[in-house]
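What follows is a set of notes on a single structure, which appears directly below.
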Amino acid sequence: MEWLRRAACAEEDPELFFPVGTVGPARRDIAAAKRVCARCPVAGQCLAWALSTGQTSGVWGGTGEEERAALLRTVRRQKASQESRTSQTSQTSRRNAP
């Protein structure tokens, strides 16, 4: 996690990125955390790390909890669809083999 040293959040209060809840005052904190992420040179790496390690709370790479959950669902659906196509192609190839 070498990239973490270059992160814009390194000089910020960590609590800003882990608000309690998702409504009321927490919305203000989430927006402030996302503004920090917007100017971060490693936001993409941060988001990739959060997705690959299953970070379910806080703001990572400019995304909130619900946004990352939606991204993970999309990735899982795409992966399942790709695996299904691969399996169908493999079965078709075996049936058509000489």
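The values are calculated or read from the model by the stated rules, or taken from the named source; none is laboratory data. Bear in mind the structure is a predicted one, so any value in this text is a computation, not a measurement. FYI the Cβ positions are ideal-geometry reconstructions off the backbone, even for glycines, and counts take in every protein chain you see. Just so you know, the surface numbers come from the protein's heavy atoms only, side chains and all, with ligands and any DNA or RNA stripped out. Shrake-Rupley method; radii C 1.70, N 1.55, O 1.52, S 1.80 Å.
Sorting the segments 10-19, 43-52 by their residues' average number of neighbouring beta-carbon atoms within 10 angstrom, most packed first, yields 43-52, 10-19. The residue among 32, 51, 19 whose Cα reaches farthest toward the positive pole of the charge dipole of the stretch 13-55, with charges on the beta-carbon of Lys, Arg, Asp and Glu, is 32. Modelled spin-label separation between residue 52 and residue 8, with each label point placed 7 Å from Cα along the Cα-to-Cβ direction: 2.3 nm.
The amide H of residue 58, built 1.01 Å from its N in the peptide plane, has 65 as neighbours under 5 Å, considering only residues 5 or more places off or on other chains. Share of carbon and sulfur in the accessible area of the chain stands at 54%, probe radius 1.4 Å.
With the simple spin-label model, which puts each label point 7 Å out from Cα in the Cβ direction, the residue 86 to residue 66 separation comes to 3.3 nm. Helical content alone sets the calculated 222 nm signal of the chain at -20000 deg cm²/dmol, taking -39,500 (n - 2.57) per DSSP H segment of four or more residues and averaging over every residue. Per residue, the accessible area of the stretch 1-69 comes to 62 Å² when a 1.4 Å probe rolls over the protein heavy atoms. Taking R0 as 30 Å, what FRET efficiency do you get between residue 28 and residue 77 from their Cβ-Cβ distance, rounded to the nearest 0.05? That gives a FRET efficiency of 0.40.
Each peptide in 69-75, 56-62, 3-9, 82-88 gets a packing score, the mean of other Cβ atoms within 10 Å over its residues, and the list from highest to lowest is 56-62, 3-9, 69-75, 82-88.
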